[in-house]
Amino acid sequence: MMKKLLKIRKKEEAFSKVEKQIIGNFSPNNNNAVPQSNIKKKLAELLKVQESELTDLNVDYENNTGTVKIKDSSKAIEFKFSVKEKKINN
């Protein structure tokens, strides 16, 4: 019982690092977009879960926001991100 409470508390701490927070400043790829795989990798790192445990990743590139769920949880976690300015070579 105590282990389960500790696990829940750690998960809540991890959620608070992501919930409505800016999770990172990402570099765009050649198409001037941030791959969802990069965002998912960062989310897994912050939430202390395997990438395969993250489901329903929804990224809104216009507003630099998104939501994700963790397997076995019905709660969607909201997050924000920023995109590094891409330098234009003239």
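The values are calculated or read from the model by the stated rules, or taken from the named source; none is laboratory data. Just so it is clear, the structure is predicted and the values come from calculations on it, not from any experiment. Here the Cβ positions follow ideal geometry from the backbone for every residue, glycine too, while neighbour counts run over all protein chains shown.
Please specify each residue of region 59-81 satisfying the condition of being within 11 Å of the chain's Cα centre (by Cα) and among the hydroxyl-bearing types (Ser, Thr, Tyr). Once the filter is applied, which keeps residues that are within 11 Å of the chain's Cα centre (by Cα) and among the hydroxyl-bearing types (Ser, Thr, Tyr), region 59-81 yields 65, 67. Residue-level check: of (1) in contact with a strand residue (DSSP E or B) (Cβ under 9 Å, 6 or more places away or on another chain); (2) at negative phi; (3) at pLDDT 90 or above; (4) among the polar types (S, T, N, Q), residue 50 misses just (1). For region 35-69, the set of residues classified as out of contact with any helix residue (DSSP H, G or I) (no Cβ under 7 Å at 6 or more places or on another chain) and in a helix (DSSP H, G or I) consists of 36, 37, 38, 39, 42, 45, 52, 53, listed by residue number.
So which residues in region 6-31 are more than 17 Å from residue 69 (Cβ to Cβ) and at pLDDT 80 or above, if there are any at all? Break it down stepwise before answering.
So the first thing to find is which residues in region 6-31 are more than 17 Å from residue 69 (Cβ to Cβ), and the list is 6-7, 9-10, 13, 22, 24-31.
Across region 6-31, the qualifying residues are 22, 24, 25, 26, 27, 28, 29, 30, 31.
Among the residues of region 58-88, those identified as free of Cβ contacts under 8 Å to residues at least 60 places away in the same chain, within 14 Å of residue 23 (Cα to Cα) and of a type in the set (A, V, I, L, M, F, W, C) are 59, 68, 81, 83. Restricting attention to region 33-90 and to residues that are out of contact with any Lys or Arg (no Cβ under 6 Å at 6 or more places or on another chain) and hydroxyl-bearing (Ser, Thr, Tyr), the residue that is surrounded by the fewest Cβ atoms within 10 Å (Cβ to Cβ) turns out to be 74.
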